Every structure is written in C-alpha cells, then in structure tokens.
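Please treat every number below as a calculation from the coordinates, not as lab data. Values in this document were obtained by computation on a predicted structure and should not be read as measured data. Neighbour counts run over all protein chains shown; Cβ positions are idealised from the backbone, glycine included.
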Ligand code: PMT
C-alpha cells in the first residue's frame, strides 16, 4: 500500500529514535519514498547519516540549510509529502504543534503541509498523563491530527506503563489503513449541503429551523478523509472545518443554496443533501423593519424551489443522495421521496427519536437504496454515521459502475 507514496518521517528527540530507524527502513523496503526531518535533539540520539543511509535521501534538520536556491526547503518538503508521521513525538514537539509555533524546521514544515499528519508519541508515563500534554493532544485531534497511541510496557526511564513508541510494524499498518481508506472515494467530486436556511421577513426577523450543520460537516470531513474532492455548501451555522482542502461556500437562503449547488452540479460525481432547506419563505421580504400594532399578524408564504427535486430532474450521471427528517413513518416517506425526487438513495432519520436528528452529536438513520433496500445505521456519533453512509455510497457506486 505504501508503494510509491511520499512519506515524511519527522523524528523528535527521545530514546525511541532508534525505533524510527526501523520504521524508515521498513517503509523504504516496501517501496515508499521516504524523507526524514529531525529536530536537533533527535540528532543527539542517532546521527542523520543513519537515516540518510536507510531512506536513501538527504536528511533535513535546519530551516536555513537551503540546499537548492530554486526552492524553499520546508515548503518543498511540505508540498512533496503525501503523508507525514512524527515518530517518536515528544511532549515538547506535541506542545509546539498545539501552539502553532514554527521555531524549527519540523513544526514549520508541518504547519505548511496539507498532507495528513500522524503522531506517534513516546514519553514517560507521567508525562503522557499530564494535563498539559492531554490538552495539547486534544487540541491537535480537534485540528485533524491523528494519534497512534503508545504501547504499555517497560520504559527506558525505568517506569512500567504507557508511553512506549508503538512498534514500527503497527505504525505502518495504521498508515496503510489510511491509504486504503483514501482510495475508497479517490478524487470523486462530492457536493454536500449542510445546515438550515434563513428566510427573511424583514431586516430583523426571519424563519429558520433547528439544523446546526453537524451532520453535513461530518459528511464533508469524512468524504475528504476517504480521498474525495469536497465542496460544502453551508447554510448559516457555527461550524468550523478541520480539513482545509474542503471548499466551503456559505449561503443564507434556499434560493442562494440552490444557485451555489446548481452552479457546481454538472461537475459533481456525488451529491449529498443533508441541509434542512426551508420549504416556504415569506412572500414579501420587507426592506424595512415591520412595525407592530395592536392587531394579529398574518404572513403569507410561498414555496421555495425544491433543490433536490430539481437536481433529480436534471441529473445525468451524478449519484444523488437526499436526507429526510421525519417524525412519523420515516421509511414510507423516504421511499416516496426517492421516487418523487429521482434519487439514487435517501438517508432517513426520525428526528423525534432520542439521539437522532437536529443539534446533537449523534444520529440514528436508515439508508434506503433506489431499489428500496433498507440499511439501518444504529446510534452512533455523526462522524460514525457519516463514515457508514459514505462507505455505503462507495459500494453502491461500484455496483453502478459494474452495470
Ligand atoms: O444539521 P444537524 O443539526 O446535524 O441535523 C441533521 C439533520 C436532521 C438536518 C439531517 O440529518 C437531515 O435530516 N437533513 C434533511 C432535513 C430535511 O430538510 O429533510 P426534508 O425531508 O424536509 O427534505 C428532504 C430532502 O430535500 C433533503 O435532502 C433536503 O435537503 C431537500 N430539500 C428540501 C426542501 C427544499 N426546498 N429543497 C431541498 O433540496
């Protein structure tokens, strides 16, 4: 799996540096192109020459050691890497990264890369348990860094516990799983919608719904992790994307969402509409604040465009997936929407069910295929549900391509 992949191995200074030699050797033997970047303290444990011989490439240690005047070494390295792994990662380098510092070549390069970054920590058991280290690891996890947990056992410092650098074989296994996953939706162009829409009554009042965008954002992040080129069209939400390769387009109303999606529809391979789009909007959006008076108020509504239905009517080869938020009989309503909106699949959630639907971090859904096969995904985090949905879409796409 690692054959011909560009892997940047970043080595920080701890006794486990000797294991990084084995890691580099094994990756190279498997056909990966490996470059090694060391901190100065790592060079106190093992000489750069060892890594140079094992990787068959020059080793980088100093931001200012610019070997090629036509290139800026750390940017060149950041762009070159398909994947980066820090092994061993000390408490210090984890802290540096969690604070966004660029004081040496290793963190500077990692700040500049768009490749996924794996961190394999190695340190004393008490250091690993320290709240500062835990806080830094949580921060990095939130930013999308992936941790390869250390193993437990005898540590060089004399303690027995968690803190031993994971074995090179296991680190490679994790890397291979990542590459394997990435091939699932490799370079498929996915268009995803998320969040609610806002329909104005006047400059201070509007109609909307309870969608927070969590489900759609989880789909976008997972799709990017599985190798897709993702565009996310988001209604007004408070969500942040971790993966900066995702193109994000912010919209407000159903009409704006339609325009953003319609513009990109012809070049999409897969479209997933997780947004909760308003079905109606006030017939008149007043330009000035409506003044109250003593009588009741009636507002006349008109239909918004049904984006999904329009896409269903226009689709050529796109795989079109809708969502349905229901409170009764979700399967029947879901099947009805597949037919009416010409969908390839629909994901139904009963939003009155505990743990499902709007706002929370979890969902419970049933994925229904075009031929009405029902695949339930039980209570799981929205990330887990997104993963299951996308894997199912990848399976359905393969079947479609085989026909
Ligand atoms: O955002 P969260 O807080 O995480 O909540 C997630 C969710 C509940 C919003 C999500 O899981 C979900 O169910 N999204 C679809 C909500 C919805 O609008 O369902 P619907 O049954 O009203 O619409 C059916 C489909 O038609 C949806 O794909 C919707 O995007 C689409 N639609 C609806 C109306 C419209 N005018 N245009 C559309 O494209």
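Brief remarks follow.
- Alpha-carbon centroids, segment 43-121 and segment 259-328: separation in whole Å: 47
- Distance between the 7 Å Cα→Cβ label points at residue 284 and residue 247: 3.9 nm.
- When the alpha-carbon atoms of segment 229-283 are used, the pair Rg, Dmax equals 12.0, 38 angstrom.
- Kirkwood Rh and Cα Rg combined as Rg over Rh, evaluated for segment 99-140: 1.01
- At q = 0.16 Å⁻¹, base-10 log of I(q)/I(0) for segment 6-182 (Debye sum, equal scatterers on each alpha carbon): -0.92
- Candidates 365, 201, 251: whichever shows maximal mean-square fluctuation once the chain is modelled as a Gaussian network with Cα springs under 10 Å: 201
- Equivalent ellipsoid, segment 1-98 (semi-axes from 5 times Cα gyration tensor eigenvalues, Å): 18, 18, 13
- Max mean-square fluctuation residue, GNM over the chain, Cα-Cα springs under 10 Å, options 226, 308, 155: 155
- Modelled label positions at residue 373 and residue 202, each set 7 Å beyond Cα in the direction of Cβ, lie 5.5 nm from each other.
- Annotation: extensible slack from residue 170 through residue 189 equals 3.7 nm (criterion: 0.36 nm per residue apart, minus Cα-Cα distance).
- With respect to the chain, whose longest principal axis is taken over its alpha-carbon atoms, helix 214-225 is tilted by about 40°.
- The radius of gyration of the Cα set in segment 189-402, together with its Dmax, comes out at 17.5, 66 angstrom.
- Against the rule of thumb 2.2 N^0.38 Å, how large the Cα Rg of the chain comes out: 1.17
- The C-alpha radius of gyration of segment 312-403, expressed as a fraction of 2.2 N^0.38 Å, stands at 1.07.
- Spin-label zone in segment 88-130 - amide nitrogen under 19 Å from a point set 7 Å from the Cα of residue 80 along the C-beta vector: 104-118
- Packing rank of 85-92, 138-145, where each peptide gets the mean count of other beta carbons within 10 Å, highest leading: 85-92, 138-145
- Order of 284, 174 - criterion: other Cβ atoms within 10 Å of each residue's Cβ, fewest first: 284, 174
- GNM flexibility winner over the chain from 282, 236, 48 (Cα, springs under 10 Å): 282
- Approximate spin-label separation residue 70-residue 291, in nm, with each point projected 7 Å along Cα-to-Cβ: 7.3
- Under the shape rule built on the C-alpha gyration tensor, where the axes satisfy a ≥ b ≥ c, segment 207-312 is prolate, since a/c reaches at least 1.5 and a/b is greater than b/c.
- Per the Debye formula on identical point scatterers at the alpha carbon atoms of segment 132-215, with no solvent, log10 I(q)/I(0) at q = 0.25 Å⁻¹ is -1.22.
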